[in-house]
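The structure appears right after this line, and notes come after that.
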Amino acid sequence: MTRLLVCDDQDLVRAGYVTILSSQLDFEVVGQAADGADAVEQARRLRPDVVIMDIRMPLLDGIEATRVLAGPDAAPDGPRVLVVTTFNLDEYVFEAIRAGASGFLLKDTPAEAMIEAVRTVAAGHALLAPEVTRNLIGHFGARLREDDHRAADVLAELTGREVDVLRLVAAGLSNPEIAAALFIGRETVKTHVSRILTKLGLRDRVHAVVLAHRIGLTAEKR
């Protein structure tokens, strides 16, 4: 059973999410919050698996709430955060992902897609498809490269093959595409990606992409 906390300052939107998610036998909505401060308090008390987090909320916005729950200083067993926004490639989404969110949804996402998105995040996977990831990181890539100088430290943690895989992940290639590009098996790619995430302390593929762009480790999709 996946435990969910729904956070949105609009009563009707929040009620809609709860209705959609509660209809699934494998979901349990354990709480609701109308502001970011309450979201943090309830997440710490109720220990949900996934927090559905609106970005624009009073008292503490969704970005800061996400940073508290899923950022670098958050508990390692904390919830995964799925942020929601009105606009695709909104700068707020970029900031939320940097704050530790595992992906994002648009508020007009169909119910079926939202349900699958929550399951995806709960399973420990990134929500963003490779094409969406390329668009998002490309839109803000210059800023990413300006504010992080971890390249040497990051590369020292990885084998040469893992660096190759990370570079292609950053280019937005899927596992089958990476396998074809490097002439290795898909399961081997999956293993490399898992090891990269573990070695670098990253929660999912989205954050691997963000880090790769931050250190300038990029490649054009072939």
Pairs needed: first member in the range 194-222, farther than 13 Å from GLU162 by Cα and in a loop (DSSP other than H, G, I, E, B); second member anywhere, charged (D, E, K, R) and modelled with pLDDT of 75 or more; C-beta distance under 6 Å; at least 6 residues apart or different chains.
ALA219/ARG167
Residue satisfying condition, being in contact with a helix residue (DSSP H, G or I) (Cβ under 6 Å, 6 or more places away or on another chain) and either among the small types (Gly, Ala, Ser) or closer than 26 Å to ALA122 by Cα (or both), within set VAL169, VAL210, VAL193:
VAL169
Residue in the range 99-118 that is of a type in the set (Phe, Trp, Tyr), modelled with pLDDT of 75 or more and more than 25 Å from ASP61 (Cβ to Cβ) present:
no
Would you confirm whether any residue within the range 29-39 is part of a helix (DSSP H, G or I) and out of contact with any helix residue (DSSP H, G or I) (no Cβ under 7 Å at 6 or more places or on another chain)?
yes
Looking at (1) modelled with pLDDT of 80 or more; (2) more than 21 Å from ALA208 (Cα to Cα), can you tell me which one VAL83 breaks?
(2)
So which residues in the range 129-154 are at pLDDT 60 or above and outside any helix (DSSP H, G or I), if there are any at all?
ARG150
So, in the range 1-27, exactly how many residues are of a type outside the set (Ser, Thr, Tyr) and assigned to a strand (DSSP E or B)?
6
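The values are calculated or read from the model by the stated rules, or taken from the named source; none is laboratory data. Quantities reported herein were computed from a predicted structural model and do not represent experimental measurements. All Cβ positions, glycine included, derive from the backbone under ideal geometry; neighbour counts span all protein chains shown.
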